[in-house]
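All remarks here apply to the structure that follows.
Just so it is clear, none of the values below were taken in a lab; they were calculated from the coordinates. Bear in mind the structure is a predicted one, so any value in this text is a computation, not a measurement. Cβ sites come from the backbone with ideal geometry, for glycine too, and all protein chains shown count toward neighbours.
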Amino acid sequence: NAGVTQTPKFQVLKTGQSMTLQCAQDMNHNSMYWYRQDPGMGLRLIYYSASEGTTDKGEVPNGYNVSRLNKREFSLRLESAAPSQTSVYFCASRTGGLYGYTFGSGTRLTVV
Amino acid sequence: KNEVEQSPQNLTAQEGEFITINCSYSVGISALHWLQQHPGGGIVSLFMLSSGKKKHGRLIATINIQEKHSSLHITASHPRDSAVYICAVETSGSRLTFGEGTQLTVNP
């Protein structure tokens, strides 16, 4: 099925561990985004990529890095996980400013 | 004060009722989005609008740019409409700023 695929769906990390969240879309969208969702705060933008080969910081980039590997894939890396990074992470994509967003199903990350 | 405010935060309705969720924002926007988040967590885009009104099935979204206000209406509500409804405004650079969401519960 066409859409945005995120892996893994669930992950538990120990403080200081690293991991990469994967996101892939098969809709030939130009722009891709990483958001985190925390109770009482709504979704917040971590990083985004307006097109292949470009990435930019969002509202809450500290502690994260991203890679736009190709047009399809946009990964989010936590180099040294902290309990404050416990959250639900969503990847999204869109083809351009005239169209809506397509979201992945989310990754629930717990850092202990 | 948040840039995007939704009301109410929680809403309980009986099946068949007409439902309205409101969204007010304080910044200049290029578009406003309504999203639906199901209990399982997935997020679905319902509407993107920059003026006027859009309708899809039982859902209607309106926006008043001058008043910086949008509403999402659900006609003939059904228990399967139970979800969190999120308003998000799009500003320069296609960035989205999200409201905290409205939890809707429709009882049979």
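In the stretch A:25-57, which residue that is among the small types (Gly, Ala, Ser) and outside any strand (DSSP E or B) is farthest from the other protein chains (Cβ to nearest Cβ)?
A:GLY53
Checked against the criterion of being surrounded by 15 or more Cβ atoms within 10 Å (Cβ to Cβ), of a type in the set (Lys, Arg) and within 11 Å of chain B (Cβ to nearest Cβ), the stretch A:99-110 contains one or more residues that satisfy it. Considering every residue within the stretch B:61-69, establish whether at least one is over 17 Å from A:PHE103 (Cβ atoms) and touching an Asp or Glu at 6+ places or on another chain (Cβ under 9 Å). Among the residues of the stretch B:61-69, not one is over 17 Å from A:PHE103 (Cβ atoms) and touching an Asp or Glu at 6+ places or on another chain (Cβ under 9 Å), which makes the answer no. Can you confirm whether the stretch A:78-88 contains a residue that is surrounded by 13 or more Cβ atoms within 10 Å (Cβ to Cβ), more than 19 Å from A:PRO39 (Cβ to Cβ), in contact with a Leu (Cβ under 8 Å, 6 or more places away or on another chain) and of a type outside the set (Gly, Ala, Ser)? Looking through the stretch A:78-88, at least one residue is surrounded by 13 or more Cβ atoms within 10 Å (Cβ to Cβ), more than 19 Å from A:PRO39 (Cβ to Cβ), in contact with a Leu (Cβ under 8 Å, 6 or more places away or on another chain) and of a type outside the set (Gly, Ala, Ser). Among the residues making up the stretch A:86-112, those that are in contact (Cβ under 8 Å) with a residue 40 or more places away in the chain and not in a strand (DSSP E or B) are A:THR95, A:GLY96, A:TYR101, A:GLY104, A:SER105, A:GLY106, A:VAL112.
Of (1) touching a Pro at 6+ places or on another chain (Cβ under 7 Å); (2) over 27 Å from B:GLU3 (Cβ atoms), A:TYR47 satisfies all except one. Which? Condition (2) is where A:TYR47 drops out.
The residues listed here are B:GLY28, B:GLY93; of these, the one that is within 14 Å of chain A (Cβ to nearest Cβ) and either of a type in the set (Gly, Ala, Ser) or part of a strand (DSSP E or B) (or both) is B:GLY93. Pairs meeting the criteria (first residue in the stretch B:36-58 and more than 10 Å from every other protein chain (Cβ to nearest Cβ), second residue surrounded by fewer than 17 Cβ atoms within 10 Å (Cβ to Cβ) and of a type in the set (Val, Ile, Thr), beta carbons under 6 Å, at least 6 apart or on different chains) are B:GLN36/B:VAL44; B:ARG58/B:THR75. Scanning the stretch A:76-98 turns up at least one residue that is among the charged types (D, E, K, R) and within 12 Å of chain B (Cβ to nearest Cβ).
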